[in-house]
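Take a look at the structure set out below.
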Amino acid sequence: MSPSRGPTWIILVDGPPCGGKSRVAAALGQRLNLPLLTKDAIKERLFETLGWGDVERAYEFNRAANALLFDITKLLLATGQPFVLESNLRPERDGEVYAELQAQWGFEAIQIHCSAAPELLIERFRRRWGAGLRHPGHADDRTEATVAERIRAGAYGPLALRGPLMRVDTSGPAYVDVERLAISVMRQAQAIGEVTG
């Protein structure tokens, strides 16, 4: 069966929690004038609509947000237009379903994997919650041990998708040069267009 007609490419910004994904994805969406789809935006809408509670409730919302993210991704693919997708996807959980989506729609994934040293990520995770920078529904104070274990185990690696993989190390004090990154992304997109056009 031939693929459905989707966009030639999409931008996938992934990596572990506190790897800098949100800032990079938002800046790229704005710089390239592309729609931005993020899991946390979906999750926080669920919190505000349905309320939040204990850590089990937070895990339930996480599963629901992942399912909605996937469904909305399919809707955006059907428009035929590129977009930016940002989430802390995990290969063991998400790799197969996104590979199947790629096979169905035929897009190339320009994957930008944002990360840093594991202990730095964990420290950022702790500081972010302590500074009140997260919606309380995330319950980060009660999920920290699980997240830290996954970070140390390398569970948030890039997905095995067709398309260029760009690794962005956010360990240093200087913020990512998004202008330079956007130029690199557009060069990748143009190269994909030349191959598939």
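Every number in this text was worked out from the coordinates using simple rules, so none of it is lab data. Given the structure is predicted, the values throughout are model-derived calculations rather than measurements. Glycine gets a Cβ as well: all are built from the backbone with ideal geometry, and neighbour counts include every protein chain shown.
Computed quantities for the displayed model
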{"quantity": "Within a Gaussian network of the chain (alpha carbon springs, distance under 10 Å), most fluctuating of 66, 88, 33", "calculated": "33"}
{"quantity": "GNM result for the chain, Cα springs below 10 Å: residue of 130, 95, 163 fluctuating most strongly", "calculated": "130"}
{"quantity": "Cβ-based charge dipole, the chain, positive-most Cα from 175, 76, 132", "calculated": "175"}
{"quantity": "Charge-dipole axis of the chain as Lys and Arg at +1 and Asp and Glu at -1 on Cβ define it, positive-most pick from 145, 11, 190", "calculated": "190"}
{"quantity": "Dipole magnitude of the stretch 9-196 about its Cα centre (Cβ charges: Lys, Arg +1; Asp, Glu -1), debye to nearest 20", "calculated": "280 debye"}
{"quantity": "Leading residue at positive end of dipole, the chain (Cβ point charges), from 164, 42, 89", "calculated": "164"}
{"quantity": "GNM flexibility winner over the chain from 146, 170, 38 (Cα, springs under 10 Å)", "calculated": "146"}
